[in-house]
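Below: the structure, in structure tokens.
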Amino acid sequence: MNIDSIKKVLILGAGTMGQQIGFVCAMHGYGVVLHDISDEILAQALISMEKLGRSWFVATGRITADELAEAMGRITATSDPREAASGADIISESVPEIPEIKVETFARFHRLCPEHTVFTTNTSLLMPSRFAHASGRPDRLAALHFHDVRTTNVVDVMPHPGTAPEVTQLVHDFAVSIGQIPIMLHRENHGYVFNAMISSLIQTALTLASRQVASIEDIDRAWMGIMHTPIGPFGIMDQIGLKTVWTITDYWAQKRNDPQAKTNANLLKAYVDRGELGHKTKKGFYSYPNPAYARQDFISGKQSGNACTR
């Protein structure tokens, strides 16, 4: 296969990232099939994708209203795995970060997809080599990891030791074709490139808060005031989603049996248990849509703000 052979993109998982990836693919002219376990999930996902296009792409002038309509016209949805797999040229997988689910998903679609279909995973936590064998086509599997497409177009391309070089090149070319900047990894690495760097910042911030060294707001102020950024580590966590941050933190805390990481995970879990998941639920470490860190007087500390410190 070469890039001109790719016509149909199959998105496995209609959550936030699946919606974003699917929309970007459709926006760049690909036919997109969205697959999840129920028609109800898919119906809501299509509504959210149209809203994504209108609020983040039309509103910012990146596309026109007519182009949005054309993009949405390229997207179909089905809960039938066989129908979804038919004619798929490349898969982008964003199912839950549970190894057994990913293994089962790839094994099922290996049986259903054409022989030429290339499999990519958007996993944030797991290595593609962990489920390469189960995919049935380890030479045609690689990670293609997206960040928030609303605000960035950087992606990670990460093969595993068994990925065919021509498949790695094809995934690179596909990323470029949908307007992304591919960061090429030469070996598997937990957290890819950016996530590996940002995770260190996040864990340090959580440690400072859990040890009550400083308040959540002051930790963010320290970072924002010195680095001249519009957001600090706790604001970043709200944007990522606290359930995602907790899942990753807890995974490594348990895997490494790290007491401080377990304490950090427990701090996050309290928010998750209350349903305060960050920006998408309007409440996390901060309250939205007007978080304290976005105020002009936040850095000065003159305004106590609305960080939900507990």
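The values are calculated or read from the model by the stated rules, or taken from the named source; none is laboratory data. Here the structure is a predicted model, which means the values were calculated and not measured. No Cβ is skipped: glycine too gets one built from the backbone with ideal geometry, and neighbour counts run over all protein chains shown.
Inside segment 111-135, can you point out the residues that are in a helix (DSSP H, G or I), farther than 15 Å from H190 by Cα and of a type in the set (D, E, K, R)?
R111
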TODO: Could you check how many residues of segment 28-52 are touching a residue at least 60 places away in the same chain (Cβ under 8 Å) and either outside the structural domain of V167 (by TED's automatic domain parsing) or not hydroxyl-bearing (S, T, Y) (or both)?
DONE: 2
- [ ] May I ask you to list pairs of residues, at least six apart or on different chains, whose Cβ atoms are under 7 Å apart, with the first in segment 222-248 being among the aromatic types (F, W, Y) and the second being part of a helix (DSSP H, G or I) and surrounded by fewer than 18 Cβ atoms within 10 Å (Cβ to Cβ)?
- [x] W246/K269
TODO: Answer with yes or no whether E97 is over 19 Å from R187 (Cα atoms), in contact (Cβ under 8 Å) with a residue 24 or more places away in the chain, out of contact with any Pro (no Cβ under 9 Å at 6 or more places or on another chain) and crowded, with 22+ Cβ neighbours inside 10 Å.
DONE: no
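This table checks each residue for (1) within 21 Å of the chain's Cα centre (by Cα); (2) among the hydroxyl-bearing types (S, T, Y); (3) assigned to a loop (DSSP other than H, G, I, E, B).
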site: H145; (1), (2), (3): yes, no, no
site: D156; (1), (2), (3): yes, no, no
site: G162; (1), (2), (3): no, no, yes
site: Y192; (1), (2), (3): yes, yes, yes
site: A196; (1), (2), (3): yes, no, no
site: L201; (1), (2), (3): yes, no, no
site: L208; (1), (2), (3): no, no, no
site: I226; (1), (2), (3): no, no, no
Open item on the list: Taking the condition of being more than 24 Å from T244 (Cβ to Cβ) and not in a strand (DSSP E or B), how many residues in segment 1-25 meet it?
Closed with: 7
Task: Any hit, segment 160-168, residues being closer than 30 Å to G29 by Cα, surrounded by 15 or more Cβ atoms within 10 Å (Cβ to Cβ) and touching a Ser or Thr at 6+ places or on another chain (Cβ under 6 Å) - done: yes
- [ ] Identify, from the list K255, K302, the residue that is among the basic types (K, R), surrounded by fewer than 20 Cβ atoms within 10 Å (Cβ to Cβ), outside the structural domain of T16 (by TED's automatic domain parsing) and assigned to a helix (DSSP H, G or I).
- [x] K255
- [ ] Would you be able to tell me the number of residues in segment 124-143 that are surrounded by 20 or more Cβ atoms within 10 Å (Cβ to Cβ), farther than 30 Å from V58 by Cβ and within 15 Å of the chain's Cα centre (by Cα)?
- [x] 1
